[in-house]
Each structure stands twice: as C-alpha cells, then as structure tokens.
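Participant: First, the structure itself, so that you have it in front of you.
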Amino acid sequence: MFIRTRKDGSPKSGVRRKEKMEEIKKEGRYGRIYKQLSELVLKSNNAQARMSTIIAVLHHKMDYFFWTGFYMIEDGKMTVNAYQGPVACQILEKDKGVCWAAFNKNETVVVEDVHAFPGHIACDSRSNSEIVVPFKNKMGKTIGVLDVDSSTKGSFSETDAKWLEKILELVYL
Ligand code: SME
C-alpha cells in the first residue's frame, strides 16, 4: 500500500526521468546487497544472527536509510529488535502508526510523508518517509515487521518494497 501525498499524484516528466534513474541505481544496489546477504546468512542457522546481519548491511549500504530495524510481536506487544540508527521507541502503542498498520493488513506499507500519516509514531523527529514490510516465520506466519525510515520525503518506492520483501526471506532460508 502506498500512502501518496503529492497533490495531483503525478510528477512532471523531468521528475519522472530522474525518478527512473534513481530506480535503476536502486535496483543495482539491491542486487549487489542481495547477493552479499545470501552468502552471509549461510554462516549461521540462527534467525536472530541473520536478522542482525541483514540490518547492519542494509543500514550501511543504503545511504538514505536513517533508521533500519525489526519490530517483533512479543506477548502481543510490538517490541523493538535488532536495529541501527538513533535510539527508537521500545514498544509501539497497539494498533497505532505505520508498523501496526503493515502488521494488521499483512502488507507492505510505503509512506511518502510520515507527517501526513494519521497516527504515525515519531520515535525521531528527523524521519520524513518510511517503509514497513511484514516479516514472516518459516511457517509463513507474520511475526513482526521490518521498518526503515528516511530523513527525506518520498525515499521509498515499489523497488524498495520488492527487494526488502525478498531479503526478509533469507532469514528462514
Ligand atoms: N514510525 C513507526 C515507529 C517506529 S520508528 O519509526 C523507529 C510507526 O509509526 O509505527
């Protein structure tokens, strides 16, 4: 699900060209990261170790990732897990904000401008856009989410959604 905040929803052609180039660059980067991660995860069979490795690689290789981490459902509470970036909220108020929205809908949510998202939880006021991807266990049950924040508006696209969903599958490979 995309939460669009542009007034007419359609950028001008020059902007579209620039966006297309950005998407091509992103594809290349994600492709390289995916290859690196698919080799790294094989070094252990431990889900937590793999999750931490995924966060570290993504956070340091993607320059627009301002906060990168997992929130997991622990005793019904959306609780922070492996992450990199500024100190974050440890527990997110139930059914509020972007992480709960993605978890409850069980689909990836992309928010172009977090200030336009009703109920958005601002753990850090520098965040301006966000993507949240449901995280499934071996049996396909959604047990948490991957959350990435950017300090720039409109940082995330279908390309991020596609690759982050694919990268999460490496945890229980
Ligand atoms: N913005 C999230 C909260 C987590 S922080 O971004 C790290 C939300 O609205 O659920």
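Participant: Of the residues in segment 109-150, how many are free of Cβ contacts under 8 Å to residues at least 60 places away in the same chain, in contact with a helix residue (DSSP H, G or I) (Cβ under 8 Å, 6 or more places away or on another chain) and within 9 Å of the ligand (Cβ to nearest atom)?
Facilitator: 7
Participant: Would you mind finding the one in A49, A82 that is more than 11 Å from the ligand (Cβ to nearest atom), farther than 20 Å from S155 by Cβ and either without any contact (Cβ under 8 Å) to a residue 12 or more places away in the chain or polar (S, T, N, Q) (or both)? I'd like the intermediate steps shown before the answer.
Facilitator: Working: A82 fails: either without any contact (Cβ under 8 Å) to a residue 12 or more places away in the chain or polar (S, T, N, Q) (or both).
Answer to the selection: A49.
Participant: Please give the number of the condition G85 fails out of (1) closer than 15 Å to I131 by Cβ; (2) more than 19 Å from the chain's Cα centre (by Cα).
Facilitator: Among (1) closer than 15 Å to I131 by Cβ; (2) more than 19 Å from the chain's Cα centre (by Cα), G85 violates only (2).
Participant: Another question about this same structure. Test of understanding: among L58, L37, which residue is within 16 Å of the ligand (Cβ to nearest atom) and either free of Cβ contacts under 8 Å to residues at least 60 places away in the same chain or out of contact with any Cys (no Cβ under 9 Å at 6 or more places or on another chain) (or both)? Break it down stepwise before answering.
Facilitator: On the way: L37 fails: within 16 Å of the ligand (Cβ to nearest atom).
Just a single option satisfies the conditions, and that option is L58.
Participant: So how many residues does segment 146-173 have that are closer than 22 Å to E19 by Cα and not charged (D, E, K, R)?
Facilitator: Counting residues in segment 146-173 that are closer than 22 Å to E19 by Cα and not charged (D, E, K, R) gives 12.
Participant: A further question follows. Tell me, yes or no, whether segment 149-164 has at least one residue that is buried (at least 21 other Cβ atoms within 10 Å of the Cβ) and at positive phi.
Facilitator: So far as segment 149-164 goes, no, none of its residues is buried (at least 21 other Cβ atoms within 10 Å of the Cβ) and at positive phi.
Participant: What helices (runs of 4 or more DSSP H) completely inside segment 1-118 contain at least 3 residues that are surrounded by 14 or more Cβ atoms within 10 Å (Cβ to Cβ) and not hydrophobic (A, V, I, L, M, F, W, C)? Before the answer, list the steps.
Facilitator: Values: elements: 13-40, 47-61, 97-105.
Result: 13-40, 47-61.
Participant: Further question on the same structure: Among the residues of segment 120-139, what is the count of those that are outside any loop (DSSP other than H, G, I, E, B) and under 18 Å from G154 (Cβ atoms)? Talk me through it step by step, then tell me what you get.
Facilitator: First, pick out the residues of segment 120-139 that are outside any loop (DSSP other than H, G, I, E, B): 129-136.
Keeping just the survivors that are under 18 Å from G154 (Cβ atoms) gives 129-133.
Matching residues across segment 120-139 total 5.
Participant: Mind listing whichever residues of segment 10-68 are of a type in the set (V, I, T) and within 15 Å of E169 (Cα to Cα)?
Facilitator: Step one: of segment 10-68, the residues of a type in the set (V, I, T) are 15, 24, 33, 41, 53-55, 57, 68.
The answer is I33, V41, T53, I54, I55.
Taken together, the values in this text are just the output of simple stated rules run on the coordinates, not laboratory data. All figures in this text were calculated on a predicted structure; none of them were measured in a lab. Note that each Cβ is placed from the backbone with ideal geometry, even for glycine, and that neighbours are counted across all protein chains shown.
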